[in-house]
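Asker: Can you keep this structure in mind? I'll have questions shortly.
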Amino acid sequence: MRDVRICEVGPRDGLQNAKHLMPTEAKKRWIGALAAAGLEEIEVGSFVPPKLIPAMADTLEIVAYARTIPGLRVVALAPNFKGFQRALEAGAHKVTFPVSASRLHSQANVRMSPEQMIEEVQKCIREREKLAADKRPGIEGAVSTAFGCTLQGEVPEDEVVRLASRLAQAGCDAVALADTVGYANPAQVKRLFRRVRGEIGARLEGAHFHNTRGLGIANALAAYEEGVRAFDSSMGGLGGCPFAPGASGNVITEDLVFMFESMGVRTGISLEKLFLAREALVAGLPDEPVYGHTPAAGLPKNFRQVA
């Protein structure tokens, strides 16, 4: 029984912005350790051209490995129809599409306007309908740069609401709001999630925050208070977008799990085993800095995870 669902995005969002490459076998060990800690959903890679993001060159092999882990929902990111086709061939259980609310970021990230990206998502949804029901992956539309953009600056909330509505109407199973560059604050998070939920209801599921200015976990709590129960996070705070200047690491998985568990909110994730997975991360990427208050301080003597 879980009160919130946490998706570990380190193997994708974390590694794509790392200065060093993690070997494929080390990725497998890390993902296996994450699953052993109780993470039931892991974004293991993205189907993008390796020349653009070399860290994702082995995504096909990583998806194949992750699919062998019992009970794990394997997530991959696709920026276009070709990427979606590759995700289908690999057997990803869920495919996430980044649809930027910032026009400048959209062009830099996927070489398309937001409207063109919506059309691409619609094309992918039509392709999915050709498959047998038990072969269809889940599709999530993530409205990125929803709270601001280092390229464009202010992103109108009306544009975020419009794109989220378009994604829901297109047939996405779920919609998420992403603070790609870490511009959000808790008041803004509450306001925007409330507005979008007013338009698309329960189709709004996920929250993806970056910790650029130290507000990532505060923003996650604000989203939780607005009814969000699905969160992305990255072990050690790894992450960032190569095509969004200034974007830094994600909300730290270890700290997010500790916050929820200490509040009595069940995550289904063992912190002790999560620390072992952190060791696998450090072993596989020894020269990359990792962060986290909870791993550094340790668990309080009176701490008990929610049964």
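The values are calculated or read from the model by the stated rules, or taken from the named source; none is laboratory data. Here the structure is a predicted model, which is why all the values come from computation and not from measurement. Glycine also receives a Cβ, built like all others from the backbone with ideal geometry; neighbour counts cover every protein chain displayed.
Asker: Among the candidates PRO79, PRO54, which residue alone is surrounded by fewer than 24 Cβ atoms within 10 Å (Cβ to Cβ) and farther than 25 Å from ALA164 by Cβ? Before the answer, list the steps.
Answerer: Numbers: PRO79 fails: farther than 25 Å from ALA164 by Cβ.
Just a single option satisfies the conditions, and that option is PRO54.
Asker: Within segment 14-29, is there a residue that is buried (at least 19 other Cβ atoms within 10 Å of the Cβ), in contact with a strand residue (DSSP E or B) (Cβ under 6 Å, 6 or more places away or on another chain) and not aliphatic (A, V, I, L, M)?
Answerer: Within segment 14-29, one or more residues are buried (at least 19 other Cβ atoms within 10 Å of the Cβ), in contact with a strand residue (DSSP E or B) (Cβ under 6 Å, 6 or more places away or on another chain) and not aliphatic (A, V, I, L, M).
Asker: Something else: Just checking, does segment 62-75 include any residue being small (Gly, Ala, Ser) and in contact (Cβ under 8 Å) with a residue 60 or more places away in the chain?
Answerer: Keep residues of segment 62-75 that are small (Gly, Ala, Ser), which gives 64, 66, 71.
Imposing the further condition that a residue be in contact (Cβ under 8 Å) with a residue 60 or more places away in the chain reduces the set to none.
Looking for residues that are small (Gly, Ala, Ser) and in contact (Cβ under 8 Å) with a residue 60 or more places away in the chain, one finds none in segment 62-75, hence no.
Asker: Might you check whether a residue that is surrounded by fewer than 20 Cβ atoms within 10 Å (Cβ to Cβ) and outside any loop (DSSP other than H, G, I, E, B) occurs anywhere in segment 144-151?
Answerer: Checked segment 144-151: no residue is surrounded by fewer than 20 Cβ atoms within 10 Å (Cβ to Cβ) and outside any loop (DSSP other than H, G, I, E, B).
Asker: Moving to a separate point now. I need the full set of residues from segment 99-134 which are exposed (fewer than 13 other Cβ atoms within 10 Å of the Cβ) and touching a residue at least 12 places away in the same chain (Cβ under 8 Å), in order please.
Answerer: Of everything in segment 99-134, just one residue is exposed (fewer than 13 other Cβ atoms within 10 Å of the Cβ) and touching a residue at least 12 places away in the same chain (Cβ under 8 Å), namely LEU131.
Asker: Would you call ARG166 touching a residue at least 24 places away in the same chain (Cβ under 8 Å) and either surrounded by fewer than 19 Cβ atoms within 10 Å (Cβ to Cβ) or of a type in the set (Asp, Glu) (or both)?
Answerer: In short, no.
Asker: State whether the residues of segment 227-234 include one that is under 20 Å from GLY182 (Cα atoms), at pLDDT below 95 and not hydrophobic (A, V, I, L, M, F, W, C).
Answerer: No, every residue in segment 227-234 fails to be under 20 Å from GLY182 (Cα atoms), at pLDDT below 95 and not hydrophobic (A, V, I, L, M, F, W, C).
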